[in-house]
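S.K.: Sharing a structure with you now.
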Amino acid sequence: MSRFDAAFARGPALVTFVTAGDGPTSAILDALVEGGTDVIELGMPFTDPMADGPAIQAGNLRSLGAGTKTADIFHIAADFRARHPEVPVVLMGYANPMTTRGPAWFANECQKAGVDGAICVDLPPEEDPDLGPQLRAAGVSLIRLATPTSDAARLPTILKDTSGFLYYVAVAGITGKQQAALGSIEEAVARLKAATDIPIVVGFGVRTPEQAGAIAKVADGVVVGSALVELVAEHGANAAGPIRDYTRALADAVHSARNG
Amino acid sequence: MNDLPNSFRTLPDERGHFGQFGGRYVAETLMPLVLELEAEYRRAKLDPAFQAEFDDLLEHYVGRPSPLYFAPRLTEELGGAQVWFKRDELNHTGAHKINNCVGQILLAIRMGKTRIIAETGAGQHGVATATVAARFGLPCVIYMGAKDVERQAPNVFRMKLLGAEVIPVTSGANTLKDAMNEALRDWVANVHDTFYIIGTAAGPHPYPELVRDFQSVIGREAREQMLKRTGRLPDLLVAAIGGGSNAIGLFHPFLDDPGVKMLGVEAAGHGLDKEHAASLAGGRPGILHGNKTYLLQDEDGQIAEAHSISAGLDYPGIGPEHSWLKEIGRVDYTSVTDVEALSAFQLLCRTEGIIPALEPAHAIAAVAKIAPTMSKDAIICANLCGRGDKDIFTVAEALGAQI
Ligand SMILES: Cc1ncc(COP(=O)(O)O)c(C=O)c1O
């Protein structure tokens, strides 16, 4: 059983996003686990994060400003894997940093660091050859995104060769903005579930335990990112404590939907 | 070069690739729209009514054809090849940018879009976009780096007069690439009603192709005018390169004429060993803003800041077709520093009574280096793609003059 399978077998999962190198990342990742996260998305900072809103843009710039290199991110991931053998880690970022040394290099580093999957925001299925074959050969999932603009005709293209989970971007827009209406999320998840057996995880615009809990009732997982990155912005070097507490509130809300 | 194609004018392929370059590297939310734009563009290309409306607007609104001008005193001063200019600075709004904006707004209307957005660096594309938006009565939002808002104040006011909302972008480095990020963020959130008029031959497929096609009016006219005036084709075409739209517009109709050499001129800023904007000379292939192309970047793929005295060339990438034309060797590329461009700017003012924009001043600087090495019956045709009114403050400051 893969780490993803195990994480989603327990019921709706909490997926948490933080940017690597923004604040004391290793302590923050431990805090996410202590708080009860099921899956970690580790953001790879990029100079031009064009799908992100102000909070995650700022996290990217803080990380790069602190001198974060791609090698540091793989160190963070590998150290995390040594401390936490069970928790799946997904690298989330943009195509240029992921492909710049060649896709085989990236896939190999992921494999060595115990990274389970990658989300490449600006690599649609049409450009899969730039990263997908090498990741799959290394046993790393390329997690695709479906959006409110993905119609029935496009879904098979998105689902082909995707594994781990499918990320449903609930709002047509950037990260950190307002939440989509629950009704539209429920409808979209049902549509996706009819087309695939892999878990459907909903993200973009989810900030509070209430929102996360409500979505957990209709989806296999919920992603919270900007709200956590804002805590890192606020607390800096002391972010681990507040991150753990907030994650616990989110996890309680998501996990209580398991029996609901 | 073994393995050269029979024609250099057939790309991109159906996936939007020029060799290894180009493509559609966009967020999934945008993919359906990008595919729809491509389908609509294919239909428009075959629709005589679309072409007729485009031609009519170019003639009566933009003022085309632009003249092809022989520059006698510059030629004499340089003492070599004859120097000719394609006068796209005489277009309505003062640059070639309007050619593309006319084409794209017609596409926007065909697609039923009711809101226009664009990015701008120097403000020329912003002004051209605001102009066509006013002409067709559509609301228009222009994203412009906060730094550029400051250094191109006259164009900011022009855009506002034309009814556009100008949003200064303070994310990242506050310049053109950040304005483009912000425009993409707007587009992703407003795909249902918004058309993004990209200002250069870059971005996700089909933009590089359609911008090239709309700008190719420059090269088609130049080819015909040159044949009519001299009975032959030029020996060398020269154009400045920001994203590469004026250059590809001039070059493309000549690509299959083996006797015509071509030179694209990037901005070398303070020098190629310092801060510059020469993506081909100082970059390597990567992925940004929807396409794979040469980019200024570090070893981790983080995008570097570009620098050029010319805000319109101050971009760390280049359109993908140029990356391909460089790799196959059909077009040569060189670069020119801020200082050389400034001196070429003054040279053209003094010899021909034409104040060029700082962007084509880079092309003129390259001409000034090459013309003396060529014979007197050789012909150079350079793209004078913008006029310099917008730049007089920048030039005054660089020359230490008070105005
Ligand atoms: C007059 C002029 N020339 C050239 C450029 C550079 O763009 P491109 O390389 O797409 O022609 C600009 C961009 O603002 C411009 O205003």
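The values are calculated or read from the model by the stated rules, or taken from the named source; none is laboratory data. The structure displayed is predicted, hence computed values, not measured ones. Cβ coordinates were reconstructed from backbone atoms using ideal geometry, including for glycine residues, and neighbour counts include every protein chain displayed. These area figures cover heavy atoms from the full protein model, side chains too; ligands, DNA and RNA do not enter into them. Shrake-Rupley method; radii C 1.70, N 1.55, O 1.52, S 1.80 Å.
S.K.: Suppose the filter is crowded, with 24+ Cβ neighbours inside 10 Å, more than 14 Å from chain A (Cβ to nearest Cβ) and of a type outside the set (Val, Ile, Thr); does B:His307 pass it?
M.R.: no
S.K.: Does region B:64-82 contain at least one residue that is under 16 Å from B:Gly249 (Cβ atoms), open to solvent by less than 20 Å² (accessible area, probe 1.4 Å), part of a helix (DSSP H, G or I) and more than 16 Å from the ligand (Cβ to nearest atom)?
M.R.: No, every residue in region B:64-82 fails to be under 16 Å from B:Gly249 (Cβ atoms), open to solvent by less than 20 Å² (accessible area, probe 1.4 Å), part of a helix (DSSP H, G or I) and more than 16 Å from the ligand (Cβ to nearest atom).
S.K.: Name every residue in region B:97-120 that is open to solvent by less than 10 Å² (accessible area, probe 1.4 Å) and more than 17 Å from B:Cys140 (Cβ to Cβ), in order of residue number.
M.R.: The one that is open to solvent by less than 10 Å² (accessible area, probe 1.4 Å) and more than 17 Å from B:Cys140 (Cβ to Cβ): B:Asn99.
S.K.: Counting only residues that are away from the ligand (no atom under 13 Å from the Cβ) and either of a type in the set (A, V, I, L, M, F, W, C) or open to solvent by less than 30 Å² (accessible area, probe 1.4 Å) (or both), give me the helices (runs of 4 or more DSSP H) lying completely in region B:188-280 with at least 2 of them.
M.R.: B:207-215, B:217-230
S.K.: Every residue in region A:68-82 that is open to solvent by 20 Å² or more (accessible area, probe 1.4 Å), part of a helix (DSSP H, G or I) and touching an Asp or Glu at 6+ places or on another chain (Cβ under 7 Å), please.
M.R.: None - no residue of region A:68-82 is open to solvent by 20 Å² or more (accessible area, probe 1.4 Å), part of a helix (DSSP H, G or I) and touching an Asp or Glu at 6+ places or on another chain (Cβ under 7 Å), so the list stays empty.
S.K.: Right, something else. Being in contact with a strand residue (DSSP E or B) (Cβ under 7 Å, 6 or more places away or on another chain) and closer than 14 Å to A:Cys120 by Cα is the filter here, so list the residues in region A:20-54 that pass it.
M.R.: Scanning region A:20-54 gives A:Glu41, A:Leu42, A:Gly43, A:Met44, A:Pro45, A:Phe46, A:Asp48.
S.K.: Something else: Select the strands (runs of 3 or more DSSP E) contained entirely in region B:90-184, then report the ones holding at least 3 residues which are more than 14 Å from chain A (Cβ to nearest Cβ) and either within 15 Å of the ligand (Cβ to nearest atom) or aliphatic (A, V, I, L, M) (or both).
M.R.: So the answer is B:115-120, B:140-145.
S.K.: Here's a follow-up. Would you mind stating whether B:Ala44 is open to solvent by less than 20 Å² (accessible area, probe 1.4 Å), part of a helix (DSSP H, G or I) and small (Gly, Ala, Ser)?
M.R.: Answer is yes for this residue.
S.K.: Please determine whether any residue of region A:237-255 is acidic (Asp, Glu), under 25 Å from B:Arg185 (Cα atoms), surrounded by fewer than 23 Cβ atoms within 10 Å (Cβ to Cβ) and modelled with pLDDT of 95 or more. Reasoning before the result, please.
M.R.: Of region A:237-255, the ones acidic (Asp, Glu) are A:245, A:252.
Among the residues that remain, those that are also under 25 Å from B:Arg185 (Cα atoms) are: none.
No, the conditions are met nowhere in region A:237-255.
S.K.: Yes or no: A:Glu86 within 29 Å of A:Arg258 (Cβ to Cβ), acidic (Asp, Glu) and not in a loop (DSSP other than H, G, I, E, B)?
M.R.: When the stated conditions are applied, A:Glu86 does not pass them.
S.K.: Checking B:Thr334 against (1) open to solvent by 10 Å² or more (accessible area, probe 1.4 Å); (2) within 21 Å of B:Met144 (Cα to Cα); (3) more than 14 Å from chain A (Cβ to nearest Cβ), which test does it fail?
M.R.: (2)
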